[in-house]
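Novice: This is the structure I have questions about; it appears just below.
The values are calculated or read from the model by the stated rules, or taken from the named source; none is laboratory data. This is a predicted model, so every value here is computed, not measured. So basically every Cβ, Gly included, is an ideal-geometry build from the backbone, and we count neighbours across all protein chains shown.
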């Protein structure tokens with residue numbers, strides 16, 4: 001103790017030091033929820049009879065897998081018919097042969113005209129026939145192109161009778177079964193409800209005082225509820241709300257958990273620590 005320091009003044013020194021340093025942010029656990037990255041209801045883009053559902057509730061699915069098949073006998077026949085028209089080459093070959101023959105005929109008549117064995121009118125008639133044959137060949141070629149486009153459209157219509165998985169995940173629920181009428185109207189029930197489980201999404205509400213302590217790209221610690229609470233899981237913050245809830249004094253964050261092996265289910269409560 002210095003000669004100029006009183007006991008009362010010494011008692012105030014620790015509080016003065018705290019005021020100078022400012023309030024320290026203490027790590028705390030905040031409530032959160034582990035959810036699927038996205039959840040989608042599978043509906044039919046066309047009207048038809050549900051023929052088969054290839055995945056049941058609780059089953060894992062992979063991106064591009066066929067989930068639903070709609071009865072497509074009429075569309076398959078239309079695709080086969082369009083394919084036959086697209087592959088038909090008889091008209092084009094006939095027109096091509098005709099053009100070759102008339103071209104040779106016009107050449108010979110032109111040679112004979114030079115030797116004054118035929119009239120100029122005969123040469124002009126042959127050239128006119130050649131132009132008509134070339135127009136017929138062009139029409140046949142265009143018809144083949146249109147037939148190929150019709151075949152592609154028919155195949156696309158047939159493919160719409162199968163609904164593919166837009167991502168890998170699990171089937172959450174099944175609403176319709178084989179024999180049901182499929183409809184593209186929003187008033188009708190979907191066939192399946194599927195969820196993307198890799199990655200998983202962690203949503204949490206934090207107090208405003210923690211706003212400066214979290215930023216996109218930061219790693220946070222997430223502890224799921226029992227029986228998955230054996231050890232914390234690292235998650236990367238993807239988004240931080242830029243608009244605060246003034247009434248509640250909170251803001252939201254979204255983080256992602258790598259769940260490529262599918263070991264962690266969605267729908268768990270959790271605690272997140274910054």
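Novice: Can you tell me how many residues in region 55-68 are touching a strand residue (DSSP E or B) at 6+ places or on another chain (Cβ under 6 Å), farther than 10 Å from residue 163 by Cα and part of a loop (DSSP other than H, G, I, E, B)?
Specialist: 3
Novice: Okay, moving on. Say whether the condition of being part of a loop (DSSP other than H, G, I, E, B) and either without any contact (Cβ under 8 Å) to a residue 24 or more places away in the chain or closer than 22 Å to residue 67 by Cβ (or both) is met by at least one residue in region 190-204.
Specialist: yes
Novice: Yes or no: residue 121 in contact with a helix residue (DSSP H, G or I) (Cβ under 7 Å, 6 or more places away or on another chain) and under 25 Å from residue 109 (Cβ atoms)?
Specialist: Values: in contact with a helix residue (DSSP H, G or I) (Cβ under 7 Å, 6 or more places away or on another chain): no; under 25 Å from residue 109 (Cβ atoms): yes.
In short, no.
Novice: What about residue 64, is it at positive phi and at pLDDT 90 or above?
Specialist: So residue 64 passes the test.
Novice: Would you be able to say whether some residue in region 20-31 is modelled with pLDDT under 95 and at positive phi? Steps first, please.
Specialist: Filtering region 20-31 for residues modelled with pLDDT under 95 gives 20-31.
Narrowing further to those that are at positive phi: 22.
Yes; the residues of region 20-31 include at least one that is modelled with pLDDT under 95 and at positive phi.
Novice: Separate question: Of these, 237, 222, which one is without any contact (Cβ under 8 Å) to a residue 24 or more places away in the chain, within 23 Å of residue 38 (Cβ to Cβ) and assigned to a strand (DSSP E or B)?
Specialist: 237
Novice: Something else now. Which is without any contact (Cβ under 8 Å) to a residue 60 or more places away in the chain, in the same structural domain as residue 263 (by TED's automatic domain parsing), more than 16 Å from residue 28 (Cβ to Cβ) and within 34 Å of the chain's Cα centre (by Cα), of 248, 229?
Specialist: Numbers: 248 fails: within 34 Å of the chain's Cα centre (by Cα).
Answer to the selection: 229.
Novice: Now for a different question. Is it true that some residue in region 150-162 is over 25 Å from the mean Cα position of the chain (by Cα), within 30 Å of residue 66 (Cβ to Cβ), in contact (Cβ under 8 Å) with a residue 40 or more places away in the chain and not assigned by TED's automatic domain parsing to the domain that holds residue 96?
Specialist: For region 150-162, residues over 25 Å from the mean Cα position of the chain (by Cα), within 30 Å of residue 66 (Cβ to Cβ), in contact (Cβ under 8 Å) with a residue 40 or more places away in the chain and not assigned by TED's automatic domain parsing to the domain that holds residue 96: absent.
Novice: Tell me, please, whether a residue that is modelled with pLDDT of 90 or more, assigned by TED's automatic domain parsing to the domain that holds residue 253, surrounded by fewer than 17 Cβ atoms within 10 Å (Cβ to Cβ) and closer than 30 Å to residue 250 by Cα can be found in region 167-190.
Specialist: no
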